Amino acid sequence: MTSYLPMLTDAELGEAWGEAGIGAVATGRGNLPLQAIDLDATLTGLVARVALTQTFGNRFDQPLEASYIFPLPDRAAVTEFRMEVGERVVEGVLKERGQARADYDTAIEQGRRASIAEEERPGTFTMRVGNLLPGERVTVRLVMTGPLPWDEGEAAFRFPLVVAPRYIPGVPLEGEPVGAGTEPDTDAVPDASRITPPVLLPGFPNPVDLSIRVRIDPAGLDLGTVRSSLHAVVEEEAGGARVVRVEPGERADRDFVLRIRTGSEAVTTAVAAAQDPGGGEGTFALTLLPPVVAGAAAPRDVVFVLDRSGSMAGWKMVAARRAVARMVDSLTGRDRFAVLAFDNVVETPPELEGSRLCAAGDHARFQAVEFLSRLEARGGTEMAAPLAGALDLLTAADAPEPRELGLVLVTDGQVGNEDQILRLLAPRLGGVRVYTVGVDSAVNEGFLKRLAALGGGACELVESEDRLDEVMDRVHRRIGAPVLTDLELVPAGLAIDPASLAPRRLPALFAGSPLVVGGRFAGRPGGAVAVRGRDAAGRPWSATVPATAGDGPSLTATWARAHLRDLEDRYATDPAPDRELERRIVATSLRFGVLCRFTAFVAADVQVVNEGGVVHRVLQPVEAPAGWDMLRRVATAMPTAAMGGGLQSAPMARRLAAPRAALGRPDLRLGPGAGRSRRRRSAGFPGDPLGGADLTPYRRRAARLATLLERPEGGDLGLVRVGLEALVADLESVDAAEQELAPLRELAAELDRRAGSQEPDQAALERLRDRALAVLRAFAAPAGGPGDQAPAPPPAPARRRDPGFWRR
């Protein structure tokens, strides 16, 4: 049985704010379940071991099940899980995710205490704790290990504390949502309800007691200054170790970041190897610090993609504009570039042709910077189309000489359809390097690093405006100017398993930034690893690095997490589920004891404490990310919804407006009966129509593309091509009828061919524009009338939800 907390009235809210103590939000029926977050980290050299403890309390008069959607570092390997209630301690067990869920549900139904930790995205997790009795407190403890990134003499320890609201594209799915979040599941994000926690209204007192303690053991490093993103106190300890504590009263509304200056010799080229306890195999990690190599940098083709959606409002929009403007100004006359700014639509500087790269002369750069200075945040985060268009610009451009191809994305990364975007981009990347710049105090780091890794580039994060110049200097040095490229590892005594290397695609190597590659080997840990590649001038380069003894547990856990991430991304970018790869991911996770998206930690007590298993279910609200004006997002989201455009935060707007506009709502989530529009999906066979489905959102997108061509100046076919290709991809993903798709697909192919033409015939161009307008209008308003469905065969049976989709 499930029951939900009713919304509070204004009077109750006033009483709650007046009576709540530190670390709690009081309600008429008790406190919200999450009472405390305790982070205890030890940084030894360049390895972090973190114990995260979450404390839940039950102030209700009936047994409770609490759910909490929370973040973790995307590269951390979670290896331990424990639940404690009073004197009872239950150790968690890592199992295949479906089995773990079944074990948890059985324990709850039988009245036994249980908890489960699941990964929804790289960096986004769900914790559930059930059968917590009135007056009880339960603590769950996760232990994780991960590397500390080191770059240009500075190590960084980043621990996220809040899951920010994300843009959820797509059409809602039929049936019950798979989670209790604020957004409906859609065809583009089928688990949206599992990654969208409700957000506390502005003005609530601090709801959670946050405690952070970080012990820094230099382990031979020369430690310098320590900087923090939160108010912190640094205390010296005997033996040279330092302890950093966050002051009481800090809110869990941004990433906690420690930046630690080290000596210039903190990282050196080395191979650490350790044999498994049973012998026969082991794990190694190669750390490669780039050499100082002279060579002229090749000319560059760069496309800058700037997110101007509603979530970028405030300092983030200012920082993003400055960042792209600085990078544009850094280009030389030998370079070519384009600028794409996007929300629901893609825009380019009007004076520059958006369908091709422009030479980076003074006038072109000035026009681009002027365009950037006028951009303001608005609308939704429709990211797939501009990224696909940027890749098309780069791969279609002809050049008389070798050029470095780079795509630079500046965004907060707050999208829910990460897998869909990666699946769309993976086959288009070619030789393009992708650089991501995350601008936010609660950035979607996992997605931005996945995208950069897929493109063999780098990810930089800007958590505050005062760090922008520092980061931009580093990005400027890297775009198109790597020290080493085309890297590969060659066994030189250490019997390496090539299939185990992580990352799978070795990125370019930049000055001051080491490359760390992990993998498995057979036999004894002796011997060496040889690395081959090309330097900045294109000359062959190689180095042979002997192996030395390393710490087995940390090496294995760190490699396993990185390898699992590569396998998960390969699974996510495949057009069809690969069940063999799925089994391999599960087997690897269970063998090495590291949590992934296909497994889960579950802890179930044997003692029955709640006969009948009836629980009161509560989804823990989270803080609004620092710097986000949630009430402004409500105001700006509503007009966008009325226009039928992509919506940055309309469901979140409904959640935030509810306590004022609909105080009697009895639910903490928008349930199936809350007025959601749901649709049917086809059986998914080739050529099968989208029987009974509502194509209205897709027809509106076609109408907006047609509007671009109706402009007095004739419109921009390049922008239309980008939007059309994204529209076709989305229609294919929902199995739209072939008779609907074929004209759009043919038009996209024709526009693509035209994009490669250097001097198109003007009359032919006008005919192509007229044809594009006719095709788009025909799809936007089919024979039955504007917004009606085209004639179609009888509806096919609705597609059932894939029972395993939430693992991907």
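The values are calculated or read from the model by the stated rules, or taken from the named source; none is laboratory data. This one's a predicted model, so the numbers in the text were calculated from it and none came from an experiment. Don't worry about glycine lacking a Cβ; one is built from the backbone with ideal geometry, like all the others, and counts go over all protein chains shown. When the accessible area is computed, the model is the full protein with side chains, heavy atoms only, and any ligands, DNA or RNA have been set aside. Shrake-Rupley method; radii C 1.70, N 1.55, O 1.52, S 1.80 Å.
Quickly work out the Asp473-to-Thr707 label distance, labels modelled 7 Å from Cα along the C-beta direction, and quote it in nm with one decimal.
4.4 nm
Sort 48-55, 310-317, 244-251 by the packing proxy (mean of other Cβ within 10 Å over each peptide's residues), most packed first.
Values: 48-55: 20.0, 310-317: 21.8, 244-251: 15.8.
The packing order, highest mean first, is 310-317, 48-55, 244-251.
³J(HN,Hα) across the range 185-197 via Karplus (A = 6.51, B = -1.76, C = 1.60, θ = phi - 60°), whole Hz, x for Gly/Pro?
Couplings: 5, 10, 5, 7, 10, x, 10, 4, 6, 9, 10, 10, x Hz.
May I ask you to derive the FRET efficiency for Ala528 and Asp151 from their Cβ-Cβ distance with R0 = 22 Å, giving the value to the nearest 0.05?
Values: r = 26 Å, r/R0 = 1.18.
Using R0 = 22 Å, I get an efficiency of 0.25.
How much solvent-accessible surface does Asp770 expose, in Å² to the nearest 10, with a 1.4 Å probe and all protein chains in place?
100 Å²
Counting only the backbone N, which residues of the range 595-617 are under 11 Å from the spot 7 Å out from the Cα of Gln62 toward its beta-carbon?
It comes to 614-617, nothing else.
Within the range 102-132, whose backbone N sits under 17 Å from a point 7 Å along Cα→Cβ of Glu611?
Under 17 Å, as judged by backbone N against the label point of Glu611, lie 109-113 of the range 102-132.
Pulled fully out, how much extra length does the chain show between Glu766 and Arg213, if you take 0.36 nm times their separation in residues and subtract their Cα-Cα distance? Each step should come with its number before you reach the end.
Values: separation 553, 0.36 × 553 = 199.08 nm, distance 6.59 nm.
Using 0.36 nm per residue and subtracting the Cα-Cα distance, I get 192.5 nm.
How much length is gained on full extension from Glu87 to Thr548, taking 0.36 nm per residue of separation minus their Cα-Cα distance?
Working: separation 461, 0.36 × 461 = 165.96 nm, distance 4.38 nm.
Taking 0.36 nm per residue and subtracting the Cα distance, the gain is 161.6 nm.
What spacing in nm lies between the two simple spin-label points modelled at Arg428 and Ser373, each 7 Å away from Cα in the Cβ direction?
Modelled inter-label distance: 3.2 nm.
What nm distance separates the two modelled labels at Gln739 and Leu133, each placed 7 Å from Cα along Cα→Cβ?
Going from the Gln739 label point to the Leu133 one covers 6.6 nm.
Calculate one ³J(HN,Hα) per residue across the range 308-321 by plugging θ = phi - 60° into the Karplus curve 6.51 cos²θ - 1.76 cosθ + 1.60, and present them in order as whole Hz with x for glycine and proline.
Each residue's phi maps through the Karplus curve to give 10, 6, x, 5, 8, 4, x, 5, 5, 5, 4, 5, 5, 4 Hz.
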